[in-house]
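Data block below; observations after.
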Amino acid sequence: MKKMTNLTVVAATLALLAGCTNNPYTGEREAGKAGVYGGIGAVSGAVIGAATSSKKDRAKGALIGATVGGAAGGGYGYYVDTQEAKLRQTLQGTGVQVQRDGNNLTLIMPGNITFPSNSADISSSFYPTLNSLVQVFKEFNKNGIDIVGHTDSTGSQQLNQDLSNRRARSVAAYLEGNGVAGSRISSFGAGPSQPIASNDTASGRAQNRRVEINLRPL
């Protein structure tokens with residue numbers, strides 16, 4: 001067991017070192033997301049490899065599992081790193097926010113730049129941004145694309161639910177109509193049920209009127 005643990009640590013350490021980069025501000029070496037994911041994958045792979053091997057081969061199984069798991073985890077971490085950088089570069093100055101939580105990327109598109117008031121027709125000024133997203137989604141095609149419409153609480157629940165549904169579908173239809181695989185895309189409306197700010201103020205309601213695109217591993 002001690003031998004297996006040592007091998008796991010070695011594999012995880014190698015994965016972390018492979019993902020290290022220099023911080024441009026401090027000059028110090030830091031573990032990038034790819035290295036972190038590689039380390040997690042190495043540990044998980046080692047546990048699985050040991051559990052599925054015979055008693056005498058557990059150390060060997062742990063090493064193989066750690067190596068494979070580290071490579072897989074690090075590979076996807078690097079993929080998301082690259083995709084995130086491309087999205088931030090492409091969307092700079094558009095008003096669209098890029099947020100990351102682990103393996104998932106979320107694009108937050110405020111309602112004032114995407115749709116006219118009380119309408120599901122995409123604003124003409126937003127088409128260039130959507131066209132840029134189409135190109136990125138075609139280049140990075142390992143993600144599912146979940147599109148969610150959100151509203152503030154002004155008006156009836158049914159009106160807001162219907163509007164959020166139609167706005168999400170409008171974005172989905174545009175992406176699919178311009179060559180993004182429909183099998184990757186889902187869309188639905190959340191209405192006013194998921195506010196990110198208070199609906200008691202005008203600025204809060206403006207933040208709640210939005211469309212989000214959530215990119216997740218397929």
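The values are calculated or read from the model by the stated rules, or taken from the named source; none is laboratory data. The structure displayed is predicted, hence computed values, not measured ones. To get the accessible areas, we keep the full protein, side chains included, count just its heavy atoms, and leave off ligands, DNA and RNA. Shrake-Rupley method; radii C 1.70, N 1.55, O 1.52, S 1.80 Å.
Under a 5 Å amide H cut-off, with hydrogens placed 1.01 Å from N, SER123 pairs with PHE115 among residues at least 5 apart or on other chains.
Average projection, convex hull of the Cα set of the range 104-173: 5.0 square nanometres. Compactness of the range 76-217, taken as the C-alpha radius of gyration over 2.2 N^0.38 Å, stands at 1.01. Computed with a 1.4 Å probe on the full set of protein chains, the accessible area for ARG205 sits at about 60 Å². Residues SER156, SER170, ordered by accessible area of protein heavy atoms at a 1.4 angstrom probe radius and largest first, appear as SER156, SER170.
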